[in-house]
Amino acid sequence: MNHALPILALQRWPYRHPFVISRGTLIEQYIGYASMQLDGQLVQGEGELHETDAAMASTILNDATHRYARLGTHPSREDLRLALPPNGARNALDAMLWDRDCKAARRRAWELAGLDGVDASSSVATMSTLVIDEPDEMAATARSLSGDGTAPADQVIKVKLGGSGGVDRDIERLHTVAAAVPTATLTVDPNEGWTLPDLKRFLQATRSLPLALIEQPLPAGQEDLYPELRAPVPIAADEACTTLGSLDRLAGKVQVVNLKLDKCGGLTEALLMCERARELGLQLMVGCNCGTSLAMAPAFLVAVQCRFVDLDGPMFMQGDRPHPVRYHQHRMLAPSAALWG
């Protein structure tokens, strides 16, 4: 077997349209793309870099490349997990190593992970995301996502909130969307954009809506405030849920944890987090920071274990990888071996 050192390159992938969340408007992503040749076959992975400066992103990738080189020519995924900090660069390298091991063993990633009942015909229902806009515009987009406004029974629409106008405007946004797609299940994601009074006001004003989840309403570190609310809707930790070590402090404070491979540093750590979260009685969600199909492919192995899935990222990108993941009627199909794993 030929063991070459990987190439870890910086790529810039533009969004199809501006992606608006509480922290600002995104127009492109910095992506770390890891690749190498294995006996003439391309093995690959990608991870999003949260740095908004190309020089900073390049520094992260250079550091990861040097750390990887010190591991030798054939490191294990666990070697990588212990040697590199959890970020998008490690995620890209971790995904590449999964792809390497799958091609070497001529087995699919879910087989290597020991996930019973998963095969190439498997699929998962994924949320459809609405970015922040004026209420009527968000309602129109919601209707387009569900055809004539009558959503399928398992369709979940995720509504980004925390925009201009404060929580009262957010309440208006959600009520308008709910009226536009009355059969859809809704979740909301303010991305740390609210205060505790905002959250209390929101809970009171949306009791009549089919709301299944509130994702990270308060800034990370304020999880002690959630239990006193006795919220009728489950609360998920996203920005507060980072790596395996973050789970124990979240138990008893939130009901759901959102695992993202870029935050935890890759699928290897995410699978450990799935196991620990179940031990702690935490429900599972998997999310993404947009990205191409190559970012979604390893996350599929987490998605098949989750109650909530938010992996519609490629829908927001201007382009995609060869052999992209297929989506059909808000369902994500298993990635092909030609793409990854």
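The values are calculated or read from the model by the stated rules, or taken from the named source; none is laboratory data. For clarity, every value in this text was computed on a predicted model and none was experimentally measured. As a convention, Cβ positions derive from the backbone with ideal geometry for all residues, glycine included, and neighbour counts pool all protein chains shown. Surface areas here come from the heavy atoms of the whole protein model, side chains and all, with no ligands, DNA or RNA. Shrake-Rupley method; radii C 1.70, N 1.55, O 1.52, S 1.80 Å.
Across region 93-99, computed HN-Hα scalar couplings (Karplus, 6.51 cos²θ - 1.76 cosθ + 1.60, θ = phi - 60°) run 5, 4, 4, 4, 5, 4, 4 Hz from first to last residue, x flagging Gly and Pro.
Report the FRET efficiency, 1/(1 + (r/R0)^6), for Tyr15 and Ala337, where r is their Cβ-Cβ distance and R0 is 25 Å, rounded to 0.05. Between Tyr15 and Ala337 the formula returns 0.35.
Mind giving me the FRET efficiency for Gln222 and Arg307? R0 is 25 Å, r the Cβ-Cβ distance, nearest 0.05 is fine. So the FRET efficiency works out to roughly 0.60.
Placing a label point 7 Å from the Cα of Leu112 along the Cα-to-Cβ direction, the residues of region 253-285 whose backbone N falls under 20 Å from that point are 260-275. For region 247-341, trypsin sites (Lys or Arg not before Pro) are listed when DSSP marks them as loop and at most 14 other Cβ atoms sit within 10 Å of their Cβ; the list is Arg307, Arg326. Restricting the calculation to alpha carbons of region 184-341 gives Rg and Dmax of 16.1, 50 angstrom.
Of all accessible surface on region 252-297 at a 1.4 Å probe, what whole percent is carbon and sulfur?
46 percent
Give me the mean projected area, in nm² to one decimal, of the convex hull enclosing the Cα positions of the chain. Projected area, direction-averaged: 16.1 nm².
Model label points for Arg207 and Leu272, set 7 angstrom from Cα along the Cα-to-Cβ axis, are 4.4 nm apart. When the convex hull of its Cα atoms is viewed from all sides, region 1-155 shows a mean projected area of 12.1 nm². Here the 3J(HN,Hα) profile of region 119-132, calculated from phi with Karplus coefficients 6.51, -1.76 and 1.60 at θ = phi - 60°, is 8, 5, 8, 6, 8, 9, 6, 10, 4, 10, 9, 9, 7, 5 Hz, Gly and Pro shown as x.
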